[in-house]
């Protein structure tokens, strides 16, 4: 069911509830916006090398030493990116206002497998409705209705991979029954 090519879709989530419930939700939802995957850097390097050394179509466009060097540099770049994400997570980064991994965490055994494994992608698809962490997540200004004294509203915009995160939204509605969560997908950009 997981698409082979990623298609990014823009969404807006509007959350309404009492000041206290909304504050608790916002505190629970804020995180680094990253999934702490554990990648096998050696395996990634070897896969990249094999793909460069023996491309599935056509002749190789790079020498074997060049393929080995490029694969190693790609591995090092992924390791550096992962180390930076782990440092942000360890430091308690809460710069992402809607972090699905904070609200609906990926199970540890799947984190150890990595994001490319079918089991991991299947779990994300079934539980989040998207195959990756949300991207470009930011809070939106909300015009407050002065007639509403007991409730508050919070809006956040984000991009999700492959589809709208409907399964995540359903679970969040069950976990936060006193809040109203309204998801608006923006399928056609103007």
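The values are calculated or read from the model by the stated rules, or taken from the named source; none is laboratory data. Keep in mind it's a predicted model, so treat the numbers as computed, not measured. FYI the Cβ positions are ideal-geometry reconstructions off the backbone, even for glycines, and counts take in every protein chain you see.
Looking at this structure, is residue 6 assigned by TED's automatic domain parsing to the domain that holds residue 164, under 30 Å from residue 169 (Cα atoms), touching a residue at least 12 places away in the same chain (Cβ under 8 Å) and in a loop (DSSP other than H, G, I, E, B)? So residue 6 fits the description; yes.
Taking residue 67, is it within 26 Å of residue 30 (Cβ to Cβ) and at pLDDT 85 or above?
On the way: within 26 Å of residue 30 (Cβ to Cβ): no; at pLDDT 85 or above: yes.
It is false that residue 67 is within 26 Å of residue 30 (Cβ to Cβ) and at pLDDT 85 or above.
Checked against the criterion of being within 19 Å of the chain's Cα centre (by Cα), surrounded by fewer than 16 Cβ atoms within 10 Å (Cβ to Cβ) and without any contact (Cβ under 8 Å) to a residue 40 or more places away in the chain, segment 140-158 contains not a single residue that satisfies it.
The set of residues in segment 167-181 that are in contact (Cβ under 8 Å) with a residue 40 or more places away in the chain and either over 25 Å from residue 106 (Cβ atoms) or assigned to a loop (DSSP other than H, G, I, E, B) (or both) comprises 176, 178, 179, 180. Taking segment 126-164 as the range and being modelled with pLDDT of 90 or more, in contact with a helix residue (DSSP H, G or I) (Cβ under 7 Å, 6 or more places away or on another chain) and part of a strand (DSSP E or B) as the test, only 154 passes.
Rundown of residues vs (1) surrounded by 15 or more Cβ atoms within 10 Å (Cβ to Cβ); (2) over 25 Å from the mean Cα position of the chain (by Cα); (3) modelled with pLDDT of 90 or more, yes/no style:
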{"position": "50", "(1), (2), (3)": "no, yes, no"}
{"position": "55", "(1), (2), (3)": "no, yes, no"}
{"position": "59", "(1), (2), (3)": "no, yes, no"}
{"position": "97", "(1), (2), (3)": "yes, no, yes"}
{"position": "107", "(1), (2), (3)": "no, no, yes"}
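Restricting segment 105-115 to residues that are assigned to a loop (DSSP other than H, G, I, E, B) and free of Cβ contacts under 8 Å to residues at least 60 places away in the same chain, the residue that is nearest to residue 172 (Cα to Cα) is 105.
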